[in-house]
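The block underneath contains the structure these notes are about, expressed in structure tokens.
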Amino acid sequence: MEGVEHRIVEVNGINMHVAEKGQGPVILFVHGFPELWYSWRHQIAALSSKGYRAVAPDLRGYGDTDAPDSVTSYTCFHIVGDLVELLNTIAPDQQVFVVGHDWGAIIAWYLCLFRPDKVKAVFTLSVPFIPRNPQMRPTDGWRAIYGNDYYICRFQEFGEVEAEFAEIGTETVMKALLTYKVPDPLMLPKGKPFGHSANTPITLPSWLSEEEVSYYVTKFNKSGFTGVINYYRNFDRNWELMAPWTDCDVKVAAKFVVGELDLVYHMPGMKEYIHNGGFKKDVPMLEEVVVMEGVGHFIHMEKPDEINNLIYDFFRHFD
């Protein structure tokens with residue numbers, strides 16, 4: 001990627017790899033699972049050309065950023081702490097724009113909740129702000145709805161899914177995840193995740209090339225999957241730690257975009273929450289919700305031009 005600068009920044013006790021390009025107001029891009037800074041390649045090119053400084057780290061556990069061994073080192077406080085220290089280093093005493101997708105959206109909402117002073121406006125993809133339900137642990141809820149084969153439930157057992165992923169190979173895992181475009185929940189039955197065996201041919205969509213996939217494969221072959229799956233192993237721990245923030249709303253201007261075929265959009269109660277007032281109640285400064293027809297989960301890669309324009313049109317009002 002032409003003109004993208006890479007550096008390592010020491011934050012919160014770890015070394016974080018950061019890619020950046022451009023000059024101007026900072027846009028912090030926060031990736032999801034199973035991704036990297038590289039997932040924002042189209043946005044970095046477009047927004048840096050429009051007068052912004054695009055900053056995209058590999059989150060802890062991912063790519064060229066350190067991956068601490070302990071499962072408990074991947075709570076929402078660790079991840080947000082990394083980003084706050086990164087911002088203190090690269091953009092001291094500034095408010096920044098934040099864009100998050102998937103887990104990156106979850107982290108972006110936490111950042112807005114904990115440190116609204118750091119965020120000028122937030123643009124999230126795929127995952128809306130989800131309020132804490134004090135009555136039920138998240139994994140208990142998912143297990144009750146979907147059963148034990150649901151991917152988040154399977155991820156809870158340390159080392160189990162990692163071994164299955166190793167068996168079918170990083171390339172098959174990455175292609176199966178990045179091409180997942182059905183609104184149904186992702187199930188990973190024991191012993192046959194995705195229903196693929198090793199080296200099963202998977203047809204790539206027009207928006208994802210073999211060369212692009214190989215970048216992910218190289219990085220995940222190096223880092224493994226344990227660090228990134230540890231985010232899911234902290235859902236219940238985050239739920240406990242977030243008790244003081246029960247019923248708090250997000251006090252940051254926001255915009256939300258989701259693909260019509262995104263599996264998150266089809267979770268029980270999600271559409272009702274997004275469209276019937278719940279989301280707006282929890283994020284009073286939510287300016288707009290956009291549902292993109294016929295688009296799946298990896299919306300920023302599938303429809304980069306549309307997403308780039310939506311981001312630019314939203315943020316330019318705050319400059």
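Tabulated data for the structure shown
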| quantity | calculated |
| --- | --- |
| Criterion (modelled with pLDDT under 95, among the hydrophobic types (A, V, I, L, M, F, W, C) and under 26 Å from M267 (Cβ atoms)) met by exactly one of F194, F235 | F194 |
| Near pairs, Cβ below 9 angstrom, 6+ apart or cross-chain, from the range 21-35 (on the phi > 0 side of the Ramachandran plot) to any residue that is outside any loop (DSSP other than H, G, I, E, B) and open to solvent by 10 Å² or more (accessible area, probe 1.4 Å) | G22/S48; G22/R53; G24/S48; G24/R53 |
| Qualifying strands (runs of 3 or more DSSP E) (wholly inside the range 1-96; at least 1 residues being open to solvent by 10 Å² or more (accessible area, probe 1.4 Å) and closer than 24 Å to F114 by Cβ) | 5-11, 14-21, 53-57 |
| Every residue from the range 271-296 that is under 23 Å from A121 (Cβ atoms) and either in a loop (DSSP other than H, G, I, E, B) or of a type in the set (A, V, I, L, M, F, W, C) (or both) | I274, G277, F279, V283, P284, M285, L286, V289, V290, V291, M292, V295 |
| Lone qualifier among Y52, Y110 - being over 19 Å from the mean Cα position of the chain (by Cα) and either basic (K, R) or closer than 30 Å to N309 by Cβ (or both) | Y52 |
| Filter result for V250 (modelled with pLDDT of 95 or more, in contact with a Ser or Thr (Cβ under 7 Å, 6 or more places away or on another chain) and not hydroxyl-bearing (S, T, Y)) | no |
| In the range 242-270, the residues that are open to solvent by less than 40 Å² (accessible area, probe 1.4 Å), hydrophobic (A, V, I, L, M, F, W, C), assigned to a loop (DSSP other than H, G, I, E, B) and within 17 Å of W109 (Cα to Cα) | M242, V250, V252, A253, V264 |
| Number of the exception - I307 against (1) part of a helix (DSSP H, G or I); (2) more than 25 Å from L47 (Cα to Cα); (3) among the β-branched types (V, I, T) | (2) |
| So F220, is it out of contact with any Phe, Trp or Tyr (no Cβ under 8 Å at 6 or more places or on another chain), closer than 27 Å to W109 by Cα and either of a type in the set (S, T, N, Q) or open to solvent by less than 20 Å² (accessible area, probe 1.4 Å) (or both) | yes |
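The values are calculated or read from the model by the stated rules, or taken from the named source; none is laboratory data. Everything quoted here is computed from the prediction, not taken from an experiment. No Cβ is skipped: glycine too gets one built from the backbone with ideal geometry, and neighbour counts run over all protein chains shown. Keep in mind that these areas ignore ligands, DNA and RNA; they rest on the heavy atoms of the full protein, side chains included. Shrake-Rupley method; radii C 1.70, N 1.55, O 1.52, S 1.80 Å.
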